[in-house]
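*Asks:* What follows is a single structure, and I will ask about it in a moment.
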Amino acid sequence: MAEIILHQYATSPYAEIVRTALGVKGLSWRRVDQPSIMPRPFLTPLTGGYRRIPVMQVGADIYCDTGVILREIDRRFPDPPLTSTYATGAVWAMRNWAERAWFAATVAIVFGARGESVPQAFIKDREALSGRPFDLNALKTAAPLMAGQWRANADIVDSQLAAAGPFLFGAQATAADLAAYLNIWFLKGGDPDAFARLTAGLAHLIGWTQRISAFGHGNPADMSAEAAFEIAVRATPESPASSVGNDAQGLTPGMRVSVMPDDYGRNPVVGEVVFVSPQEVAVRRQADGAGEVVVHFPRAGFWVTPAA
Ligand SMILES: N[C@@H](CCC(=O)N[C@@H](CS)C(=O)NCC(=O)O)C(=O)O
């Protein structure tokens, strides 16, 4: 089986979700360090324009967003599972909440605390990504309000752990645990004082944090971006599974569509649908210099529109 290649950078909190998933599974994988700002000349041609991190590559199949990456890792390596037999839907719902609603509070606190030390090039890059100015004063004003939000969200996790622990849905870590941990990892690294203050007294959450970090990252081996690109050049995309019918938007294989995130970094990726289900859409496209690739996206949080 082709190996897992993760395009990432060390300080990316979303990449930490995937690195930890690979740790939960005890997998060997290839780590490609990408710059934390654009350009990414050996990655963008493979995604077709999607610009966020992490991106997972398996041969000529490219997976964008942790939503589809976690599902795909679980499909390929089901043991131990990243879902729970009695709460599968709740696992994914909690994942979506943790990586969006809760993370918005985490980002505001961290950048409010560290804004002055953020390099100009990074600020310019993220302004282009979000389409909004990086307003340090607004972040500083928001930080105390967001502290209340952060604690409310952490308390949800703590109470769920008290009821169902040692992990959020029982004996094993799921996608929900990993996405919730994103907020812990980023706040702890970005503003340790706020982390100590906002987790004080949440004994279940603190114990759980240690259990998750103990999973580690599996066995990564470094690979250059050029070498990963060469792998895509030589590989053929895997044959897609059969699509699930009755799509909400009437999508079927063969349609030409454009896919983009609905929140930020709305760079459209255009291709021909090869697989569609309520949770995934995959499109075939010609990658500049790498031939045919198939790019996979989650449905939740992504817009699919007809393309010319
Ligand atoms: N919902 C996405 C969010 C990914 C995301 O926002 N990643 C950040 C880095 S942690 C990013 O891409 N920032 C801009 C960049 O690195 O280009 C996911 O789950 O993968």
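The values are calculated or read from the model by the stated rules, or taken from the named source; none is laboratory data. Note that the coordinates shown come from a computational prediction; the quantities given were computed from them, not determined experimentally. Note that each Cβ is placed from the backbone with ideal geometry, even for glycine, and that neighbours are counted across all protein chains shown.
*Asks:* Note down all Cβ pairs under 8 Å where the first residue falls in region 1-24 and is within 24 Å of residue 60 (Cβ to Cβ), the second is more than 8 Å from the ligand (Cβ to nearest atom) and acidic (Asp, Glu), and they're at least six residues apart or on different chains.
*Replies:* 8/33; 9/33
*Asks:* Give me a count of the residues in region 1-47 that are surrounded by fewer than 19 Cβ atoms within 10 Å (Cβ to Cβ), more than 10 Å from the ligand (Cβ to nearest atom), hydrophobic (A, V, I, L, M, F, W, C) and more than 16 Å from residue 231 (Cβ to Cβ).
*Replies:* 2
*Asks:* Shifting gears a bit: Is it true that residue 102 is more than 29 Å from residue 270 (Cα to Cα) and within 13 Å of the ligand (Cβ to nearest atom)?
*Replies:* Values: more than 29 Å from residue 270 (Cα to Cα): yes; within 13 Å of the ligand (Cβ to nearest atom): yes.
For residue 102, the condition - more than 29 Å from residue 270 (Cα to Cα) and within 13 Å of the ligand (Cβ to nearest atom) - is met.
*Asks:* Give the residues of region 123-137 that are away from the ligand (no atom under 14 Å from the Cβ) and modelled with pLDDT of 90 or more, sorted by residue number. Steps first, please.
*Replies:* So the first thing to find is which residues in region 123-137 are away from the ligand (no atom under 14 Å from the Cβ), and the list is 133, 135-137.
Of everything in region 123-137, just one residue is away from the ligand (no atom under 14 Å from the Cβ) and modelled with pLDDT of 90 or more, namely 133.
*Asks:* Further question on the same structure: Could you please let me know if residue 68 is under 30 Å from residue 159 (Cα atoms), touching a helix residue (DSSP H, G or I) at 6+ places or on another chain (Cβ under 8 Å) and not hydroxyl-bearing (Ser, Thr, Tyr)?
*Replies:* no
*Asks:* Which pairs turn up if I take residues in region 33-52 that are under 13 Å from residue 287 (Cβ atoms) and in the same structural domain as residue 271 (by TED's automatic domain parsing) and look for partners that are within 12 Å of the ligand (Cβ to nearest atom) and at pLDDT below 95 with beta carbon separation below 8 Å, at least 6 apart in sequence or on another chain?
*Replies:* Pairs that qualify, where the first residue is under 13 Å from residue 287 (Cβ atoms) and in the same structural domain as residue 271 (by TED's automatic domain parsing) and the partner is within 12 Å of the ligand (Cβ to nearest atom) and at pLDDT below 95, are 50/265.
*Asks:* Here's a follow-up. Could you tell me which numbered condition residue 109 fails, if it satisfies all but one of (1) touching a residue at least 40 places away in the same chain (Cβ under 8 Å); (2) more than 20 Å from residue 283 (Cβ to Cβ); (3) not assigned by TED's automatic domain parsing to the domain that holds residue 140?
*Replies:* The single condition residue 109 does not satisfy is (3).
*Asks:* Related question: Does residue 228 satisfy the criteria of being away from the ligand (no atom under 16 Å from the Cβ) and either among the aliphatic types (A, V, I, L, M) or crowded, with 18+ Cβ neighbours inside 10 Å (or both)? First the steps, then the outcome.
*Replies:* Details: away from the ligand (no atom under 16 Å from the Cβ): yes; either among the aliphatic types (A, V, I, L, M) or crowded, with 18+ Cβ neighbours inside 10 Å (or both): yes.
Yes: the conditions hold for residue 228.
*Asks:* Taking the conditions exactly as written (surrounded by fewer than 19 Cβ atoms within 10 Å (Cβ to Cβ) and within 30 Å of residue 170 (Cα to Cα)), does residue 87 satisfy them or not? Give the derivation first.
*Replies:* Numbers: surrounded by fewer than 19 Cβ atoms within 10 Å (Cβ to Cβ): yes; within 30 Å of residue 170 (Cα to Cα): yes.
Yes, satisfied.
*Asks:* Further, regarding this structure: Take the conditions more than 12 Å from the ligand (Cβ to nearest atom), crowded, with 23+ Cβ neighbours inside 10 Å, over 20 Å from residue 299 (Cβ atoms) and touching a residue at least 60 places away in the same chain (Cβ under 8 Å) and apply them to residue 62. Does it pass? Let's see the steps before the verdict.
*Replies:* Values: more than 12 Å from the ligand (Cβ to nearest atom): yes; crowded, with 23+ Cβ neighbours inside 10 Å: yes; over 20 Å from residue 299 (Cβ atoms): no; touching a residue at least 60 places away in the same chain (Cβ under 8 Å): yes.
No, not satisfied.
*Asks:* Which pairs have Cβ atoms under 8 Å, sit 6 or more apart or on different chains, and link a residue in region 251-263 that is at positive phi and assigned by TED's automatic domain parsing to the domain that holds residue 44 to one that is within 16 Å of the ligand (Cβ to nearest atom) and outside any loop (DSSP other than H, G, I, E, B)?
*Replies:* Listed by first residue and then by second, the contacts come to nothing, as the list is empty.
*Asks:* Filter region 269-308 for residues that are away from the ligand (no atom under 16 Å from the Cβ), of a type outside the set (S, T, N, Q) and not in a strand (DSSP E or B); which is nearest to residue 72 (Cα to Cα)?
*Replies:* Among those residues, the one meeting the criterion is 278.
Listed here are the residues, each with its yes/no results for (1) among the small types (Gly, Ala, Ser); (2) over 23 Å from the mean Cα position of the chain (by Cα).
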| site | (1), (2) |
| --- | --- |
| 129 | no, no |
| 145 | no, yes |
| 176 | yes, no |
| 218 | yes, no |
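*Asks:* Return the residues of region 207-235 that are more than 15 Å from residue 173 (Cα to Cα) and either in a helix (DSSP H, G or I) or modelled with pLDDT under 95 (or both); say none if nothing qualifies.
*Replies:* 225, 226, 227, 228, 229, 230, 231, 232, 233, 234
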